[in-house]
Amino acid sequence: MSQIIALTNQKGGVGKTTSAVNLAASLATLDRRVLLVDLDPQGHASMGSGIDKYALGKSVLDVLLGEATAAEAIVKKLAVKYDVLPGNGDLTAAEVELLDRDKSESCLTTALASVANEYDVVLIDCPPSLNMLTVNALAASDSVLIPLQCEFYALEGLSALLDTVEQIKQNVNPDLAIAGILRTMYDKRTSLTREIDKQLRDYFGEILLKTTIPRNVKVAEAPSHGLPVTQYARFSRGSQAYRVLAKEMIRRLSL
């Protein structure tokens, strides 16, 4: 049975999409069948996987609205070794479109039901906001992975996200769990990072993943080449960190 994991944080710029792409690639190199769902209107997960977001025949929006099946929209046989259910700016229309539908929070759950068991892991890259798309992702998921930059504002927004997860558990998806909090753009040389790190350890304990993702220029360069850093610069510090993350997630979630 597949595990569906939503990567979400309402604050942008925390490495959410980068982590979704590189975790997908790292899990695929460890012989896991992986589907990456690009639920962010920016379409960066699609682009970072080598897909032209401006030339999609069918996208995740068509699937959410019932105008295509997931199988019809999924792009396979990619160089990145995982499959992608791509998205683009058309998803901005989803907020209004979904509100008019019965059980609007369950559209993604329904859409993925027919293909989820073809994969060991389904990763959902959520938009950087707590909107109807994010609600759909949380409703469809078994767990939530929260990328978090070690800075004050990111830490402040974490409580709001955890409140949202709790509301989804109470009202829509009672089995939703926290897969972990992932520290990204991590630089232990700075006093702020060390201070935030201590707060996270003291408050969250085992929820905090052991793996940290360092600041690394190769991670930033890779998307412009349409590749995860694990292929673009496989021996870089960033690439090695994501491979360690994949192994930790496999152990933690029995993937």
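The values are calculated or read from the model by the stated rules, or taken from the named source; none is laboratory data. Not measured: the values here are computed from a predicted model. Backbone-built Cβ (ideal geometry, glycine too); neighbour counts: all protein chains shown. Accessible surface is based on the protein model in full, side chains and every heavy atom, while ligands, DNA and RNA are left aside. Shrake-Rupley method; radii C 1.70, N 1.55, O 1.52, S 1.80 Å.
Could you list which residues have their amide H under 5 Å from that of Ile4, counting only those 5 or more apart in sequence or on another chain, with H placed in the peptide plane?
Result for Ile4 returns Val122, Asp142, Ser143.
Once neighbouring chains are kept in place and the probe is 1.4 Å, which whole percent of the accessible area of the chain is contributed by carbon and sulfur? Before the final figure, lay out the partial values.
Numbers: 5820 of 11590 Å².
Summing carbon and sulfur atoms, their accessible area is 50 percent of the total for the chain.
Please check which bits of the stretch 41-85 a label hung off Lys218 would reach, taking the label as a point 7 Å along Cα-to-C-beta and the cut-off as backbone N under 20 Å.
48-50, 79-82
What's the extension gain from Asp90 to Glu248 if we count 0.36 nm per residue and subtract their Cα-Cα distance? Could the numbers behind the result be given before it?
Values: separation 158, 0.36 × 158 = 56.88 nm, distance 3.45 nm.
Stretched fully, the Asp90-Glu248 segment lengthens by 53.4 nm.
Restricting to lysines 8 or more places apart or on different chains, can you count the pairs in the chain with Cα atoms under 14 Å from each other?
The number of close lysine pairs in the chain is 5.
If a paramagnetic tag sat 7 Å from the Cα of Ser129 along the Cα-Cβ line, which residues of the stretch 77-91 would have the backbone N under 18 Å from that point?
The answer is 87-91.
Tell me the net charge near Lys11. Cut-off is 12 Å between Cβ atoms, Lys11 excluded, with +1 for each Lys or Arg and -1 for each Asp or Glu.
Working: positive: Lys16; negative: Glu151, Glu156.
Net charge around Lys11: -1.
Sequence-distant or interchain residues sharing an amide H contact under 5 Å with Ala179, placed H: which?
Amide H to amide H, under 5 Å and 5 or more residues apart or across chains, Ala179 pairs with Val144, Leu145.
Between Rg and the Kirkwood Rh of the chain, both from Cα atoms, what is the Rg to Rh ratio? Numbers along the way, then the final one.
Details: Rg = 16.9 Å, Rh = 18.0 Å.
Ratio of gyration radius to Kirkwood radius: 0.94.
Where does the stretch 1-87 land on Rg/Rh, using Cα atoms and the Kirkwood Rh? Before the final figure, lay out each step's value.
Details: Rg = 12.5 Å, Rh = 13.3 Å.
Rg divided by Rh gives 0.94.
Send over a whole-number figure in Å² for the accessible area per residue of the chain, probe 1.4 Å. Each step should come with its number before you reach the end.
Details: 11590 Å² over 255 residues.
Spelled out: the 1.4 Å probe surface of the chain, per residue, equals 45 Å².
Grab the beta carbon distance between Asn171 and Ala113, set R0 = 22 Å, and tell me the FRET efficiency rounded to 0.05. Write out the running numbers ahead of the final one.
On the way: r = 20 Å, r/R0 = 0.91.
Here the calculated transfer efficiency is 0.65.
Could you sort 173-180, 230-237 so that the peptide with the highest average Cβ count within 10 Å comes first and the rest follow in order? Before the final figure, lay out the partial values.
Values: 173-180: 15.8, 230-237: 17.6.
By packing density, highest mean first, the sequence is 230-237, 173-180.
Grab the other residues whose beta carbon is less than 9 angstrom from that of Thr193, score K and R as +1, D and E as -1, and report the net. All intermediate terms of the calculation are to be shown ahead of the outcome.
Numbers: positive: Arg183, Lys188, Arg189, Arg194; negative: Glu151, Asp187, Glu195, Asp197.
Neighbour charge sum, excluding Thr193 itself: 0.
Using 19 Å as the cut-off for backbone N distance, which residues of the stretch 79-115 belong to the label zone defined by a point 7 Å from the Cα of Thr69 along Cα→Cβ?
Only 83-86, 107-115 fall inside the zone, counting backbone N under 19 Å.
Any chance you could check the Cα centroid distance between the stretch 141-207 and the stretch 1-73 for me, in angstrom?
Computed from Cα coordinates, the inter-centre distance equals 21 Å.
Give me the dipole magnitude in Debye, nearest 20, for the chain about the Cα centre, with unit charges on the beta carbon: positive for Lys and Arg, negative for Asp and Glu. Intermediate results must be reported in sequence, preceding the final value.
On the way: 27 positive and 30 negative charges, 288 e Å.
Here the chain has a charge dipole of around 1380 debye.
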